[in-house]
2 protein chains.
Amino acid sequence: MVTIDEIAKLSKVSISTVSKALNGYTEISEKTRKRIIDIADELGYMPNATAQSLVRKRSNTVGVVYEVQYGLKNLFFSSVLEAFRKNIESKGYDILLLSHNTDSGLDYLRHCQSKNVDAVLVVSGGDNSDAIHKLYLSQLAVLTLDPAEKGPNSIFSDSYHSIKRSCKYLYDLGHKRIAFINGSYTNFIGRERLRAYLDFIHEKGLEPLYLAERSNEKYSYEEGYTTMKMIFEAYGLPEAVCSVSDLMAIGAINYLYNHGFSVPGDVSVIGFDDLQVCEIVTPKLTTIRQDYEAFGELACDTLLGMIEGKVRKIDPIIVDTEIIVRDSCRKRK
Amino acid sequence: MVTIDEIAKLSKVSISTVSKALNGYTEISEKTRKRIIDIADELGYMPNATAQSLVRKRSNTVGVVYEVQYGLKNLFFSSVLEAFRKNIESKGYDILLLSHNTDSGLDYLRHCQSKNVDAVLVVSGGDNSDAIHKLYLSQLAVLTLDPAEKGPNSIFSDSYHSIKRSCKYLYDLGHKRIAFINGSYTNFIGRERLRAYLDFIHEKGLEPLYLAERSNEKYSYEEGYTTMKMIFEAYGLPEAVCSVSDLMAIGAINYLYNHGFSVPGDVSVIGFDDLQVCEIVTPKLTTIRQDYEAFGELACDTLLGMIEGKVRKIDPIIVDTEIIVRDSCRKRK
DNA sequence: TTGAAAGCGCTAACAG
DNA sequence: CTGTTAGCGCTTTCAA
């Protein structure tokens, strides 16, 4: 790799002049700057990011703590990560996927400091390990997606109103026996969604059809299947089911299907997330769409803003959702 | 962050002694080493990776060039990336997702050099941009997943035998009119799969049912749907279809379904990849499973081996596949 | 407008 | 066995 002082030699100036020229200091005369830049280009010079990082105390990389069920195979989280990636890349940042690596005594905070990342995005599915907690206590710019608890420096969808809208949609279609496939009770969004369902049921004076004792941690197909089964066995056939994730909704549909019921013929079901599977499954799934692009853009801008402004604490960012009507819900006649 | 010379001060030795003690040099007496290590632990010392990187010319991070249709949302690529991640992390490496960032004049090679990555994994879906090509010409340890052309430093599934097995499976089930949903003709695996199909058809003296002029670049649901439609319109209903990806297989199934045919009742279809969707779709998809774990492990071990051994050129790594029988194929009666 | 020099935190000869 | 010293490639006072 070409270094700054090869350029210095060739352009017959000192390395500090080269550095300044390359970094756009105004105190360098136009002609020497031009000469230096030409030579640098010719040589294909590229600054050694490591060296810059060492002195500037900034690395132009943001760490991503990604500790999630199914890892990168989790389509929800990888969709927001993808959106985040596009945005942050366009600003010239790289993403460092931080290894967990507990056995070597590393924790995220020290890892981040060691690697000198400028900010960190926490994607942990609502888990709040000690290692993650420490990040918050540090001087780093950190933002958490779907945090375990509502709090500062977090970004998440408006779960409460989304679920209310789901329920209302189902209700307006004429359904009264609306079942609910819940998510995790140990994280914020899971509890919010349940609360919304319960509030809705209460407001309309309907019978709640859900499993109060069962927390579904993975938002997975299997959990949806099993939950549907348990609901069916406990309450009989609902008219509609509101699910907290698409995968769970599909699990529920398959349970229903395997037991001779038709969706949306016999029961309507609505999902949450709007993963790509919604389009390829039969029937196509009506769902609440989380705005992945908005997540990515807001997370990016917020983090960069925090870096620039040296801000370390911001209010929660709440992202709007949208209902996507497809084929899995139908009017009750 | 604690630095090496705070430790030096506290333990009343020089910084080089501290460095050596911490790095396991044997020339340090047991007692001073212990003292130093105790103090370091107490202070929660963690080496500044940037500084180490600068002098050691190694960063313990591997770059990932990830330039793929649908980005991280592409379940095939993100599945292998996930497997790779687990392996590489367990060896104490981080993954740097390299930004593309062409407009700022960056190219991957210089980017990698600048960030001082130890190796790079190229995941580009068979595209062979100039930027990627340059990586090969460099001194970096690089490995490409599913390269555009068969060549050194690459890793991919045994497409040829896999598709032959698919076809044979269908054939043994009694199907003679076997259609083929092809992938891209511009990359290696796409051509291999076609070649396998054609060879099989030829060997058995069957009629080829496929689209010679249509290259499907994305291996997507939509392409599968459309291709199935075109095949149907050109040749009528096949008895079975062999698809080059799961998503395309599902697209084909849905086309068939929408046109009143049953899978596997009227036609059997087999996919390729074994994505998680195979399990949640109706009927569950019979497919060829690519061994994601093997990809991850081999890619990791190979790259690290190349780093250690200063090897820069290795033979292609071919990964075995496995047929997963589910519900989308049936014996012809 | 330019250059000398110190230093970021660490490693690795080389001396002692 | 321990310490001195010279860097790694770059930025940034400060002086010229």
- Item | Three-way shape label, the range A:1-113, alpha-carbon gyration tensor, a/c 1.5 | prolate
- Copy-to-copy spacing for B:Lys333, label 7 Å out on the Cα-to-C-beta vector, in nm, shortest first? 3.4
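For B:247-254, what's the mean count of beta carbons from other chains sitting within 10 Å of each residue's beta carbon? Don't skip to the answer; put the middle values down first.
Values: counts 2, 0, 0, 4, 1, 0, 2, 5.
The mean count of partner-chain Cβ atoms within 10 Å per residue comes to 2.
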- Message: List, shortest first and in nm to one decimal, how far the label point of A:Gly174 (7 Å from Cα along Cα→Cβ) is from its counterparts in the other copies.
- Response: 4.4
- Task: Based on the mean of other Cβ atoms within 10 Å per residue, sort peptides A:118-128, A:8-18 so the most packed one is first.
- Result: A:118-128, A:8-18
- Note on the structure: To the nearest 10 degrees, the tilt of helix A:159-172 (Cα long axis) against the first principal axis of the alpha carbons of chain A is 30
- Note on the structure: Once the mean of 1/r over all distinct C-alpha pairs in the protein assembly as shown is inverted, the Kirkwood radius in Å reads 27.5
- Computed over the Cα atoms of chain A, what is the ratio Rg over Rh, Rh following Kirkwood? 1.14
- Message: So the label point sits 7 Å from Cα along the Cα-to-Cβ vector; using that for A:Ser129, what distances do you get to the other copies, in nanometres, sorted shortest first?
- Response: 3.3
- Query: Just for the range A:159-290, what percent of DSSP beta bridges are antiparallel, to the closest 5?
  - Reply: 0
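Can you pull the percent of Cα pairs in the range A:159-290 with separation above 17 Å?
Within the range A:159-290, distances greater than 17 Å cover 50 percent of Cα pairs.
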- Item | the range A:127-182-the range B:218-232 distance, computed between alpha-carbon centres (Å) | 37
- When Cβ neighbours within 10 Å are restricted to other protein chains, what is their mean count per residue of peptide B:111-119? 4
- Query: Stretch A:Leu137-A:Lys333 to full length: gain in nm at 0.36 nm per residue minus the Cα-Cα span?
  - Reply: 64.9 nm
- Stretched out fully, how many nm does the piece from A:Arg58 to A:Tyr185 gain, at 0.36 nm a residue minus the Cα gap? 41.9 nm
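Over chain A, what is the percentage of antiparallel beta bridges among all DSSP beta bridges, to the nearest 5?
10
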- Message: Could you derive backbone 3J(HN,Hα) for the range B:182-194 from the dihedral phi with the Karplus parameters 6.51, -1.76 and 1.60 (θ = phi - 60°), listing whole Hz in sequence and x where the residue is Gly or Pro?
- Response: 7, x, 7, 8, 9, 10, 3, 5, x, 5, 4, 5, 5
- Query: Percent antiparallel among DSSP beta bridges with both residues in the protein assembly as shown, to the nearest 5?
  - Reply: 15
- Peptide A:42-49 - average C-beta neighbours from other chains (10 Å radius): 4
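Throughout, read-outs are computed from the coordinates displayed, never taken from laboratory work. Because the structure is predicted, anything quoted here is derived from the model rather than measured. Cβ coordinates were reconstructed from backbone atoms using ideal geometry, including for glycine residues, and neighbour counts include every protein chain displayed.
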